[in-house]
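Below is one structure, written out as structure tokens; the observations come after it.
The values are calculated or read from the model by the stated rules, or taken from the named source; none is laboratory data. Computed from a predicted structure; not experimentally measured. Neighbour counts run over all protein chains shown; Cβ positions are idealised from the backbone, glycine included.
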Amino acid sequence: MTEKMELKSVEVWDGNLAAAHSLRQAQVDVVSAYPITPSTPIVENYAKFLANGYVEGEYMMVESEHAAMSGCIGASAAGGRVATATSSQGFALMVETLYQASGMRLPIVLHVVNRAMAAPLNVNGDHSDMYLGRDSGWIQLDSFRQQEAYDLGLMAFKIGEDHGVRLPVMVHQDGFISSHTAQNIFPLSDEVAYSFLGDHQPFNAMLDFEKPATYGAQTEENWHFEHKAQQHHDLMTKVFSKVEEVFAEYEKISGRKYRIVEDFMMEDAEVAIIAMGTTVNSARLAAKIIREKEGIKAGVVGIRLLRPFPFEQIKEVLKDVKAIGTLDRSSPNGTVGMLHNEISGVVIENEKVPAMKNYIYGLGGRDITIQMLQDIFKELDVSAKAGKRVGPIQKFINVRGPELSFLGK
């Protein structure tokens, strides 16, 4: 038996420690890990919990992030509850194996502490690595603050391990802004957390010799298409209802409500910012201020579930908005940002199509201030009043040198 860790009703944890405690309370069987800033403390703290007897599991120190996910794949296929963490270049090295994990329907949990992709080398946060994994077949949950990294870390196991889903889950948080900054965290007790998850019930465990299963099969043109179509179908038809079910169950034990699309002051909003990560909280404050100061009917939409993409939920939230600013924290390198592209594909289906502008911001950890977000709302209000987009489609925020704007005048 593992030793119980007594927790107070409130703890002061940074996002990494919060994520690590979610792994401890889930009693993860195997953590296969290779360190990379800024995610290292997640697996480092799990190792401490294991050394101090708070978990009964295996900690595999491997030679690369590719090997870390490969170890997770083997352990999950064998029937274990499995997790790891990574960032940036390590995430990029994992990409090959991410497709293996999802294609084999293995419910691994991966904490991704989002960080810029090189070159040039940068250890601070943006969403370049998050965007890199969006088509890998994983469920992707996004936390806006430290409490949510803990909560979503627990819920990820419940969602991915469900036998109707059987897919791996990423939990994202912003590097340094969330991962290394401490806030009050309200954890569940160990008993309540584990009761919420329950014992892991593997599906088609490779070591269950009474029910043989094949992993790593080769299909070629005869069956590859059908496998991928089935995986896509399950993502789009089974995951949404399961996520909502788990969110509702978690609210009952924690008092914290989560939604797939987190809308804020959108009931009468005419202009809206759509964002992810910690910027959602800043945008909410900016919306409140701009409503009071300028009378602009501003709202904010935070994307909680990036994959599968909540097309219908976003469509409903944005049906009456006149102008939208999509905030992409990743360089699009030759086009509009990913979030702008996806939101455009949603709103084109609405009866009223809003004006849309794409803002690139915060690359490599660059700040975006409350005032900058207010200025974005003001720009959107101009377009809303004109009934069309005013100014370029795309704009880079808070970048030195000449103003960078592209795609339109």
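Do we find that residue 235 is in contact (Cβ under 8 Å) with a residue 12 or more places away in the chain, of a type outside the set (Asp, Glu), under 18 Å from residue 101 (Cβ atoms) and assigned by TED's automatic domain parsing to the domain that holds residue 81 in this structure? Please lay out each step first, then the result.
Values: in contact (Cβ under 8 Å) with a residue 12 or more places away in the chain: yes; of a type outside the set (Asp, Glu): yes; under 18 Å from residue 101 (Cβ atoms): yes; assigned by TED's automatic domain parsing to the domain that holds residue 81: yes.
When the stated conditions are applied, residue 235 passes them.
Screening residue 5 with (1) at pLDDT 95 or above; (2) surrounded by fewer than 19 Cβ atoms within 10 Å (Cβ to Cβ) gives one miss only, at (1).
Taken together, 296, 290 contain a single residue that is outside any loop (DSSP other than H, G, I, E, B), touching a helix residue (DSSP H, G or I) at 6+ places or on another chain (Cβ under 6 Å) and not assigned by TED's automatic domain parsing to the domain that holds residue 168, which is 290. Once segment 31-83 is narrowed to residues that are part of a helix (DSSP H, G or I), in contact (Cβ under 8 Å) with a residue 60 or more places away in the chain and not small (Gly, Ala, Ser), the residue that is nearest to residue 97 (Cα to Cα) is 42. Residues that are exposed (fewer than 14 other Cβ atoms within 10 Å of the Cβ) and over 22 Å from residue 240 (Cβ atoms) do not occur anywhere in segment 302-321.
The residue pairs whose first member lies in segment 91-115 and is under 22 Å from residue 226 (Cα atoms) and assigned by TED's automatic domain parsing to the domain that holds residue 20, whose second member is modelled with pLDDT of 95 or more and acidic (Asp, Glu), and whose beta carbons are closer than 6 Å, counting only pairs six or more residues apart or on different chains, are 107/161. Restricting 245, 226 to those that are loosely packed, with under 12 Cβ neighbours inside 10 Å, in the same structural domain as residue 107 (by TED's automatic domain parsing) and either in contact with an Asp or Glu (Cβ under 9 Å, 6 or more places away or on another chain) or not basic (Lys, Arg) (or both) reduces the list to 226. You will find that of 169, 192, the residue that is outside the structural domain of residue 95 (by TED's automatic domain parsing) and of a type in the set (Val, Ile, Thr) is 192 and no other. The residues in segment 268-283 that are in a loop (DSSP other than H, G, I, E, B), more than 18 Å from the chain's Cα centre (by Cα) and among the aliphatic types (A, V, I, L, M) can be counted, and the count is 1. What number of residues within segment 211-227 satisfy the criterion of being part of a helix (DSSP H, G or I) and in contact (Cβ under 8 Å) with a residue 24 or more places away in the chain? Count: 1.
Taking the conditions exactly as written (of a type in the set (D, E, K, R) and within 19 Å of residue 17 (Cα to Cα)), does residue 174 satisfy them or not? Answer is yes for this residue.
Taking segment 118-144 on its own, how many of its residues are part of a loop (DSSP other than H, G, I, E, B) and crowded, with 20+ Cβ neighbours inside 10 Å? Residues that pass the stated criteria total 9.
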